[in-house]
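These notes are about the structure you will find just below.
The values are calculated or read from the model by the stated rules, or taken from the named source; none is laboratory data. The model shown is predicted, which means the values in this text are computed figures rather than measured ones. Cβ placement follows ideal geometry from the backbone for every residue including glycine, while neighbour counts extend to all protein chains displayed.
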């Protein structure tokens, strides 16, 4: 019996890492993800280290995890890695309320995001 194996999500020359509950809106996270798309992994790590945005440190951790997965799990060369994909999606939303005038309340929505980073090994020309 048993369960059938899940289909592989990545190709042989790429590795992936994902963070699920990042405490920022998907719009703000996507602004940071745009800065690293298509860059070499080394340069992307340096850019994220010196970025002024708070969420950039979490993105850097996810990118480091993707590079570590590429090296340890897939046996890829770290020097030839680049960020092939960095995409953002919605996650859960915390709903809070704030007391307003005349006994009313207004809703405060605190969104969470998910981030997926795929690194790929460059083909030699």
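A few points about this structure:
- If you go through the stretch 87-107 and keep only what is surrounded by 10 or more Cβ atoms within 10 Å (Cβ to Cβ), under 25 Å from residue 59 (Cα atoms) and free of Cβ contacts under 8 Å to residues at least 40 places away in the same chain, you end up with 93, 94.
- Filtered by the rule that a residue be surrounded by 13 or more Cβ atoms within 10 Å (Cβ to Cβ) and either touching a helix residue (DSSP H, G or I) at 6+ places or on another chain (Cβ under 8 Å) or in a helix (DSSP H, G or I) (or both), the stretch 73-86 gives 76, 78, 80, 81, 82, 83, 86.
- Options 96, 120: the member that is farther than 15 Å from residue 20 by Cβ and over 20 Å from the mean Cα position of the chain (by Cα): 96
- Residue match in the stretch 51-72 (condition: in a loop (DSSP other than H, G, I, E, B) and within 12 Å of the chain's Cα centre (by Cα)): yes
- When residue 43 is tested against (1) in contact with a helix residue (DSSP H, G or I) (Cβ under 7 Å, 6 or more places away or on another chain); (2) farther than 12 Å from residue 117 by Cβ; (3) surrounded by fewer than 18 Cβ atoms within 10 Å (Cβ to Cβ), only condition (1) is not met.
- Qualifying residue in the stretch 91-109 (condition: at pLDDT 95 or above and touching a helix residue (DSSP H, G or I) at 6+ places or on another chain (Cβ under 7 Å)): no
- Cβ separations smaller than 6 Å between residues 6+ apart or across chains give the following pairs from the stretch 57-75 residues that are at negative phi and without any contact (Cβ under 8 Å) to a residue 40 or more places away in the chain to residues that are surrounded by 15 or more Cβ atoms within 10 Å (Cβ to Cβ) and assigned to a helix (DSSP H, G or I): 60/48.
- The number of residues in the stretch 20-40 being closer than 15 Å to residue 53 by Cβ and either touching a helix residue (DSSP H, G or I) at 6+ places or on another chain (Cβ under 9 Å) or part of a loop (DSSP other than H, G, I, E, B) (or both) comes to 9.
A quick yes/no check of all residues on (1) in contact (Cβ under 8 Å) with a residue 12 or more places away in the chain; (2) touching a strand residue (DSSP E or B) at 6+ places or on another chain (Cβ under 6 Å); (3) under 22 Å from residue 122 (Cα atoms):
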{"position": "17", "(1), (2), (3)": "yes, yes, yes"}
{"position": "22", "(1), (2), (3)": "yes, yes, no"}
{"position": "52", "(1), (2), (3)": "no, no, no"}
{"position": "81", "(1), (2), (3)": "yes, yes, yes"}
